[in-house]
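Engineer: One structure, as structure tokens, below. Some questions next.
The values are calculated or read from the model by the stated rules, or taken from the named source; none is laboratory data. Please read all numbers here as calculations on a predicted model, not as lab measurements. All Cβ positions, glycine included, derive from the backbone under ideal geometry; neighbour counts span all protein chains shown. Heads up: the accessible areas ignore ligands, DNA and RNA and are worked out on the full protein's heavy atoms, side chains in. Shrake-Rupley method; radii C 1.70, N 1.55, O 1.52, S 1.80 Å.
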Amino acid sequence: MSEAGCCGTGPGYATPMDAFKSGSREKLLYVPCIYRNTEADLPDYLATLDVDPESPTYSQVIHRLPVPNKGDELHHSGWNACSSCFGDSSRARNRLVLPSLYSGRVYFVDTATDPRKPSLDKIIEPEDVKAVNISALHTAHCLADGNIMISGMGDKNGEAQGSFLLVDGKTFKVAGTWEKSPPTKFGYDFWYQPRHNIMVSSEWGNPNKFWHNFNPAHVAEGFYGKSLHFWDWKEHKHIQEIDLGDEGLIPLELRFLHDPNATEGYVGAALSSNMIRFYKGDDGKWATQKVIDVPAKKVDGWALPSMPGACDPMFPGCPETPLTGQQKK
């Protein structure tokens, strides 16, 4: 992990292929470790793993950073800055963003001062998130303007809604919400492609239900999602919804192809165990196509007689097209 990108510019790389060809091998990994809903009455922590084959502590956990609160349920993590800011030399990828699924806190961890022993820098408290009517935080992405966006799956009372928290990239304080349309029924992950003026978001379910374990009856009762949502990136407005039906139950992580010129990507539908392609049609509308069907396995002792494959996203290859929407000179 490097604090800034190559060529003396901003963080990250000009293209995915540039990262593949020029980037150095990662020597450290940061992994959120969760204690909520276990017998251990302890706070979650961030583990630092040494993945440098030349290191005497290779493949070992070399540091643990506990957060100061119990019951947060750290989930996905992200960076304060990334290749979206590649052209901005004032930005650096030096803070790991840790949203909490249950409490709604956001932790910012300093990974630059001592990468092998990261330290807690700032905290956004749940009250600040609820003040803009958001809870149940999930995905954190850095934006090209230097700010940070985090998807939310609930309103301030934990009822289902899909909305997006904006965080100031310099002060790490809540700056408001991103969307200018009403929130979607459910929320979860999101990914954006500025070159095509589009953002796609997915759905999990009602936080007040999934916070307290999975009940299959809640799916039939409409407490879990099955749609993809498409947004006008510049206008921050919702423009299209695709209902994936029974073959797209609980669509979770989604990814565009790494090529910013490509108008397609994939989402994994966890409960129906399918990988679904989404793409822009000739008529300008977005469409979907099931491309992988993972058979469920018969099991004993689970909530259902068969356990789904719980598909996560596939990771496409790396092209040479610039990420920022600007052609290389």
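Engineer: Can you give the accessible area of Tyr58 in Å² (nearest 10), computed on protein heavy atoms with a 1.4 Å probe?
Structural biologist: 100
Engineer: Starting from the residue with the highest accessible area, list Ser306, Ser163 in decreasing order, probe 1.4 Å.
Structural biologist: Per-residue accessible area, sorted high to low, gives Ser306, Ser163.
Engineer: Between region 15-37 and region 69-101, what is the C-alpha centre distance in whole Å?
Structural biologist: 12
Engineer: For region 168-318, what is the relative contact order in percent, using Cα pairs closer than 8 Å and at least 6 residues apart in sequence?
Structural biologist: Relative contact order of region 168-318: 18 percent.
Engineer: Looking at the square roots a ≥ b ≥ c of the eigenvalues of the Cα gyration tensor of region 148-289, which shape do they give, rounded for a/c under 1.5, prolate if a/b is larger than b/c, or oblate?
Structural biologist: It comes out oblate by the Cα gyration axes.
Engineer: Can you tell which of Gly154, Ile276, Thr48 lies farthest toward the positive end of the dipole of the chain, using +1 and -1 charges on the Cβ of basic and acidic side chains (Lys, Arg; Asp, Glu)?
Structural biologist: So the residue we want is Thr48.
Engineer: Still on this structure, please answer the following. Which whole-number percent gives the relative contact order of region 186-261, counting Cα pairs below 8 Å spaced six or more residues apart?
Structural biologist: 36
Engineer: Could you put Arg25, Arg116, Arg36 in order of accessible surface area, largest first, with the 1.4 Å probe and the full protein assembly present?
Structural biologist: Accessible-area ranking of Arg25, Arg116, Arg36, largest first: Arg25, Arg116, Arg36.
Engineer: Next up: With every protein chain present, what is the per residue accessible area of the chain (1.4 Å probe, Å²)?
Structural biologist: Per-residue accessible area for the chain comes out at 47 Å².
Engineer: Continuing with the same structure: Any idea of Leu29's accessible area? Nearest 10 Å², probe 1.4 Å.
Structural biologist: 80
Engineer: Assign unit charges at the C-beta atoms only (+1 for Lys and Arg, -1 for Asp and Glu), then state the dipole size of region 1-155 relative to its Cα centre in Debye, rounded to the nearest 20.
Structural biologist: 240
Engineer: Something else now. Given region 144-220, what count of lysine pairs have C-alpha atoms under 24 Å apart, with each pair 8 or more places apart or on different chains?
Structural biologist: Lysine pairs, 8 or more places apart or on different chains, close enough: 6.
Engineer: Tell me, what % of the accessible area of the chain is carbon and sulfur with a 1.4 angstrom probe?
Structural biologist: 49
Engineer: Place +1 on the Cβ of every Lys and Arg and -1 on the Cβ of every Asp and Glu in the chain, take the dipole about the Cα centre, and give the residue among Gly71, Val267, Ala220 whose Cα lies farthest towards its positive end.
Structural biologist: Val267
Engineer: Related question: How much accessible surface does Met17 have with a 1.4 Å probe, in Å² rounded to 10?
Structural biologist: Surface accessible to solvent at Met17 totals approximately 40 Å².
Engineer: Right, here's the next one. Quick check: with the 1.4 Å probe, what order do Ser55, Ser77 take by accessible area, largest first?
Structural biologist: Ser77, Ser55
Engineer: Further, regarding this structure: Sort out for me the Cα centre separation of region 267-282 from region 206-263, rounded to whole Å.
Structural biologist: 10
Engineer: Give me the compactness ratio for the chain, meaning the Cα radius of gyration over 2.2 N^0.38 Å.
Structural biologist: It is 0.99.
Engineer: Counting pairs of alpha carbon atoms under 8 Å apart in space and at least six apart in sequence, what relative contact order in percent does the chain give?
Structural biologist: 12
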